[in-house]
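So the structure is just underneath, and the comments pick up after that.
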Amino acid sequence: MNSKLHEATFYEPMDKNMVRCNLCHRHCIIPEGKRGFCRGRENINGVLYAINYGKVCSVAIDPIEKKPLFHFHPGSSVFSIATGGCNFRCKHCQNWQISQFPPDEIPYTELYPKDIVETTLKYKCDGIAYTYTEPTIFYELMYDTTNIAREKGLYNVMVTNGYIEKEPLKHLKIDAMNIDIKGNEKFYKEICSAKLEPVLKTCILAKKLGIHVEITNLIIPTYNDNIDDIKYIIEFVKDKLGKETPLHFTRFYPDYKLTNVPPTPVETLVKARELALEEGLKYVYVGNIPGHGGENTYCPNCGALLIDRTGFSITINNLDISSGTPKCPECGEIIDIII
């Protein structure tokens, strides 16, 4: 039985055949025969196994803008994958049908690293996105896939809640991350069954590692739409990540256990964006409002329209890349976009 399973990484044995998982900030202590909080790692006879390895429950070809990553190879396409399970319990999760169930109790297709890379190349995608659920929990599959993908000239991006521990993150060949900062400490505890501080540490570490980072804040009416909380996120991005770090304020729609909450008023998102721009952030966006001007990229110096987006599609790209460095065609300002 064990020969068919994939042993997990980043764990340590303990007394009485228990193990401690050190992959994410939960550090689950897992008795023999049990699984961790994420449901994707199981202790079998004192050995921790990634029982989600190769059990891919969701695949799609997406524009990179859907992640959302607006400043990383705009207009490119990614092969997106996920396995079941998550190390959060967000009451508003839009993918709860796969994130809140064990990976072997929902429909899945067996796809292994070579399969994933070959499929990515087959469909002429530019890279691979580890997304939909929390990619940290299928770390071993992601790790092996990123190594092969990098050899084939593909990029790797991670859409994450930011709860990964520092050592596992340091070992990953990840080129870009969109990290959620969901709210204040109370919000994390009551809505996500998690903590805020580890997420902030991941954001800072990712920048230090040279990973392209973009931040998303899904604003939910009455839960995390307090102006002070929004300002806290803005100031964190400005002071700890840099004014050039893109920040996305995203509209909430009722889902999962928060179906009684109305969609985010557009004016709340617009106000959040205005506050961020006033604080000096260069690139601030609103999401889930198709056709809104806040989806576009403007020059932070002169205000010229650089990239026009409708939904997840680029309709106009005015970037001057003649020198190899993206610049504003009007004033020559260097634009913080990886092309």
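Read-outs throughout are calculated quantities, based only on the coordinates presented, and are distinct from any laboratory measurement. Just so you know, these numbers come straight off a predicted model, no measurement behind them. Note that each Cβ is placed from the backbone with ideal geometry, even for glycine, and that neighbours are counted across all protein chains shown.
Of note:
- P(r) tail fraction, the chain - alpha-carbon pairs more than 26 Å apart, %: 48
- Pairwise centroid distance, computed over Cα atoms, of the stretch 1-51 with the stretch 140-183, Å: 21
- Sum of -39500 (n - 2.57) over DSSP H runs of 4+, divided by residues of the chain (222 nm, nearest 500): -5500 deg cm²/dmol
- Protection-proxy order for peptides 197-210, 48-61, each taking the mean of Cβ atoms within 10 Å per residue, highest first: 48-61, 197-210
- Remark on the stretch 2-100: ratio of C-alpha radius of gyration to 2.2 N^0.38 Å is 1.30.
- Ranked by the mean number of other Cβ atoms within 10 Å per residue, highest first, peptides 85-98, 217-230 order as 85-98, 217-230.
- Neighbours of GLY280 by Cβ distance under 12 Å: Lys/Arg scored +1, Asp/Glu scored -1, total -2.
- Taking a Cβ cut-off of under 13 Å around LYS91, the surrounding Lys, Arg, Asp and Glu residues balance to a net charge of +2, with basic ones at +1 and acidic ones at -1.
- Relative contact order (%) - the stretch 298-339, alpha-carbon pairs under 8 angstrom, separation at least six: 29
- Share of alpha-carbon pairs per 5 Å distance bin for the stretch 298-339, given as whole %: 6, 26, 32, 24, 11, 2
- Cα pair distances exceeding 18 angstrom across the stretch 2-50, given as percent: 14
- Distance-filtered residues of the stretch 78-101 - backbone nitrogen under 16 Å, label point 7 angstrom along ASP255 Cα→Cβ: 81-101
- Taking Cβ atoms as reference points and 13 Å as the exclusive limit, the residues near LYS16 contribute a net charge of 0, counting Lys and Arg as +1 and Asp and Glu as -1.
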